[in-house]
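Participant: One structure is given below, represented as structure tokens, and several questions about it will come after.
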Amino acid sequence: MPIDTAEVSTDARVLHNPVLPGFYPDPSILRVDDDFYLATSTFEWYPGVAVHHSRDLVHWRPLGGILTGRRLLDLHGVGDSCGVWAPDLSYIDGTYYLVYTDVSSFAGGYWDPQNYIVSAPHITGPWSDPIRLHAHGFDTSLFHDTLDDTTWLLSMSADWRPGRDPFGGIEIQRYNRASGRFLDEPKMIFTGTAAGLTEAPHLYRKDGWYYLLTAEGGTSWEHQVTVARSRHRLGPYEPDPSGPLLTSAGRPDLPLQKAGHGSLVVTPDDRWYLAHLVGRPYSPLGPCVLGRETAIQAVSWTDEGWPQVSGGVPAERVPAPRLPWHPWPAEPATDDFVEPELGPRWSTLRRPASPDWISLSQRPSYLRVYGGQSPVGRQRPSLVARRVTTTRCVFETIMEFHPTTHRQLAGVTGYYNTANWHHAYVTRGDDGQLLLEVLSSDGGRRQAYPEATVDVTGVDRIGLRVTLDGPVLRFAYDRGDGWCDLSVKLDATTLSDEHAARIVPGEPEIWGFTGAVVGLWVQDIGADGGFADFDSATYREG
């Protein structure tokens, strides 16, 4: 239950951005009566499509994810930063709809972006089996036109042909909700502005105009939100002559960078807001370890009928809407693993949290994790993690683990993708000793730190800690006699979109799209049945 739902004037109160700190990009915002929901991309992580809930646009609580199992989403073998891109959440006639893209690749000018739609009577489900839509492009969204009770699917239109613009424009196609089928052929309605890389379409109707919101300029420093409008649903669409609705391009001084990929929402008192992604670099145009995050800006309308954000740039502090203040109870810092399922802050890599490798019941008040593949394995990894939400944080656990071979490892990690991570783990040496070791991967190049190795033979319960202190990552351990730092300072900025970027001549820059996580990682590379028990896990900011 909320702490306080009294009707309080919020004139002097502010909304602090980002409202969803950490790896929560590509927001789709939805209001149903007095409730607001934000759905964000999850890529190779389960559950697919993270959802947050608010009553005032200021305070948000996690509801977990929508695509909770392989019936709804299969991430087996998916590549880094592939998987679920840019979900869109909508509501009509008592039903919630989610459209999303499952991207198989983004190399060589191909994406293989299969789109799906699921529906549910409540935001928490149960969600229907996915209906397969087209694979023309990614960033799909639904527009429900109450003017004539029709529904339309929008998406970017990808073009694989050499010498063509891979971002071919925005297409629209009428969709029948009852039959799950398209009613006509797709029509191209917008090919973008000079900023290029046109994607992420959302359509709105206001005062006799259709407003088309798109993202342009790529997902990094030149990102922007573009608005075009038409008197007719199928166009032609005219871009706002005053330029983008929002961007931080050319302003490296701004604390919120990469502003783009947005969606609009209207409050009950007819005030408009824009949810959009941002990044917070550790230095001007430097690495964004926290990934792409979600922010919200107030929107006003000009006399000419165009939406505008103050200054056209993202602000950290925004006047809060005049809605009843609705904070949620503070989340406990420690998870003692007493619930029957993992909480909504946890994610698992490439496979759902299923009983074949995770148990919260075999040993009550412990999380048992059966070991999975090596760090490069994309079919059966065993990593349970949560997002890093601030530049300074601590994650620690108490672990019991009895490896029988060097092929069994368990511990804590700061992780970005299969090529970029830091891992402190317990394993067994050739002489039978139990060892605490540290291993890093930078762009796939492994680095061991033998000077940090600690003998933990005979230690049944060990505390393990990972600390992010700005650009520095450190590990520590506790054998029961107090915390001791391991003797290496590691580069936290390797856990960033920028560090994961791949630049291929003649192709758009390919960035990483996720963000840093910290978590519990168990490997059983020989598939001998090894597991680790975690008594608790604590995450603290600051």
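The values are calculated or read from the model by the stated rules, or taken from the named source; none is laboratory data. Since the structure is predicted, the reported quantities are computational estimates derived from the model, not experimental observations. Heads up, the Cβs are rebuilt from the backbone with ideal geometry, glycines too, and the neighbour counts pull from every protein chain shown.
Participant: Sort through Asp102, Asp80 and tell me the only one that's outside any strand (DSSP E or B) and either among the aromatic types (Phe, Trp, Tyr) or more than 26 Å from Tyr211 (Cβ to Cβ) (or both). Full working, then the answer.
Facilitator: Details: Asp102 fails: outside any strand (DSSP E or B).
Just a single option satisfies the conditions, and that option is Asp80.
Participant: Please state which one of Gly291, Gly312 is surrounded by 22 or more Cβ atoms within 10 Å (Cβ to Cβ) and farther than 18 Å from Gly69 by Cβ. Please lay out each step first, then the result.
Facilitator: Working: Gly312 fails: surrounded by 22 or more Cβ atoms within 10 Å (Cβ to Cβ).
On inspection, the qualifying residue turns out to be Gly291.
Participant: Based on what the data block shows, is Leu72 assigned to a loop (DSSP other than H, G, I, E, B) and not basic (Lys, Arg)?
Facilitator: yes
Participant: If you go through region 90-140 one residue at a time, how many are in contact with a His (Cβ under 9 Å, 6 or more places away or on another chain) and crowded, with 20+ Cβ neighbours inside 10 Å?
Facilitator: Qualifying residue count for the region: 7.
Participant: Hey, another quick one. Could you tell me whether region 359-368 includes any residue that is part of a strand (DSSP E or B), of a type in the set (Lys, Arg) and out of contact with any Cys (no Cβ under 8 Å at 6 or more places or on another chain)? Even if it seems obvious, please write down each step before you answer.
Facilitator: We begin by selecting, within region 359-368, every residue part of a strand (DSSP E or B); these are 359, 367-368.
With the extra rule that they be of a type in the set (Lys, Arg), the set shrinks to 368.
Remaining after also requiring out of contact with any Cys (no Cβ under 8 Å at 6 or more places or on another chain): 368.
Checked against the condition, which is being part of a strand (DSSP E or B), of a type in the set (Lys, Arg) and out of contact with any Cys (no Cβ under 8 Å at 6 or more places or on another chain), region 359-368 yields at least one hit.
Participant: Restricting attention to region 477-487, which residues are in a strand (DSSP E or B) and surrounded by fewer than 13 Cβ atoms within 10 Å (Cβ to Cβ)?
Facilitator: Trp483
Participant: Any residue at all in region 455-463 that is among the small types (Gly, Ala, Ser), in a strand (DSSP E or B) and either free of Cβ contacts under 8 Å to residues at least 24 places away in the same chain or surrounded by 19 or more Cβ atoms within 10 Å (Cβ to Cβ) (or both)? Write out each step before concluding.
Facilitator: Step one: list which residues in region 455-463 are among the small types (Gly, Ala, Ser), which gives 458, 463.
With in a strand (DSSP E or B) added as a condition, the list becomes 463.
Imposing the further condition that a residue be either free of Cβ contacts under 8 Å to residues at least 24 places away in the same chain or surrounded by 19 or more Cβ atoms within 10 Å (Cβ to Cβ) (or both) reduces the set to 463.
Yes, the conditions are met somewhere in region 455-463.
Participant: Among Tyr415, Tyr366, which is the only one that is buried (at least 22 other Cβ atoms within 10 Å of the Cβ) and not hydrophobic (A, V, I, L, M, F, W, C)?
Facilitator: Result: Tyr415 is the single residue among Tyr415, Tyr366 that is buried (at least 22 other Cβ atoms within 10 Å of the Cβ) and not hydrophobic (A, V, I, L, M, F, W, C).
Participant: Sticking with this one: For Arg474, indicate whether it is free of Cβ contacts under 8 Å to residues at least 40 places away in the same chain, buried (at least 20 other Cβ atoms within 10 Å of the Cβ) and assigned by TED's automatic domain parsing to the domain that holds Ala537.
Facilitator: Considered against the rule, which asks whether it is free of Cβ contacts under 8 Å to residues at least 40 places away in the same chain, buried (at least 20 other Cβ atoms within 10 Å of the Cβ) and assigned by TED's automatic domain parsing to the domain that holds Ala537, Arg474 comes out as yes.
Participant: On the basis of being more than 19 Å from Pro27 (Cα to Cα), touching a residue at least 12 places away in the same chain (Cβ under 8 Å) and in the same structural domain as Tyr37 (by TED's automatic domain parsing), does Leu142 make the cut? Step through it out loud before you land on a result.
Facilitator: Values: more than 19 Å from Pro27 (Cα to Cα): no; touching a residue at least 12 places away in the same chain (Cβ under 8 Å): yes; in the same structural domain as Tyr37 (by TED's automatic domain parsing): yes.
Here the answer is no, as Leu142 does not meet what is asked.
Participant: Inside region 258-280, can you point out the residues that are of a type outside the set (A, V, I, L, M) and either touching a residue at least 60 places away in the same chain (Cβ under 8 Å) or closer than 16 Å to Thr226 by Cβ (or both)?
Facilitator: The first filter runs over region 258-280 and keeps only residues of a type outside the set (A, V, I, L, M), leaving 258, 260-263, 267-273, 276, 279-280.
Listed by number, the residues that qualify are Lys258, Gly260, His261, Gly262, Ser263, Thr267, Pro268, Tyr273, His276, Gly279, Arg280.
Participant: Filter region 160-181 down to the residues that are surrounded by fewer than 15 Cβ atoms within 10 Å (Cβ to Cβ), in a strand (DSSP E or B) and in contact (Cβ under 8 Å) with a residue 12 or more places away in the chain and list them by number.
Facilitator: If the condition is that a residue be surrounded by fewer than 15 Cβ atoms within 10 Å (Cβ to Cβ), in a strand (DSSP E or B) and in contact (Cβ under 8 Å) with a residue 12 or more places away in the chain, then Asn176 is the only one that fits.
Participant: Another question, then. I'd like to verify a number: residues in region 44-80 that are out of contact with any Asp or Glu (no Cβ under 9 Å at 6 or more places or on another chain) and within 15 Å of Ile296 (Cα to Cα), how many?
Facilitator: Going through region 44-80 one residue at a time, the tally reaches 6.
Participant: For region 1-41, which positions are modelled with pLDDT of 95 or more, surrounded by fewer than 22 Cβ atoms within 10 Å (Cβ to Cβ) and among the charged types (D, E, K, R)?
Facilitator: Arg31, Asp33, Asp34, Asp35, listed by residue number.
Participant: Follow-up question, since we're still on this one. Output the residues belonging to region 17-40 that are closer than 20 Å to Ser81 by Cβ and among the acidic types (Asp, Glu).
Facilitator: Asp26
Participant: Would you pick out the residues in region 175-210 that are within 25 Å of Trp221 (Cα to Cα) and among the acidic types (Asp, Glu)? Don't jump to the end; show me each part of the working.
Facilitator: First, pick out the residues of region 175-210 that are within 25 Å of Trp221 (Cα to Cα): 190-203.
Answer for region 175-210, where residues must be within 25 Å of Trp221 (Cα to Cα) and among the acidic types (Asp, Glu): just Glu199.
Participant: Can you tell me which of Arg351, Arg345 is over 30 Å from Val265 (Cα atoms) and not in a helix (DSSP H, G or I)?
Facilitator: Arg351
Participant: Mind checking which residues of region 289-321 are over 24 Å from the mean Cα position of the chain (by Cα), under 21 Å from Arg229 (Cβ atoms) and not hydrophobic (A, V, I, L, M, F, W, C)?
Facilitator: Within region 289-321, Ser300, Thr302, Asp303, Glu304, Gly305, Pro307, Gln308, Ser310, Gly312 meet the criteria.
Participant: For region 365-379, indicate whether the set of residues that are under 19 Å from the mean Cα position of the chain (by Cα) and within 28 Å of Gly291 (Cα to Cα) is non-empty.
Facilitator: yes
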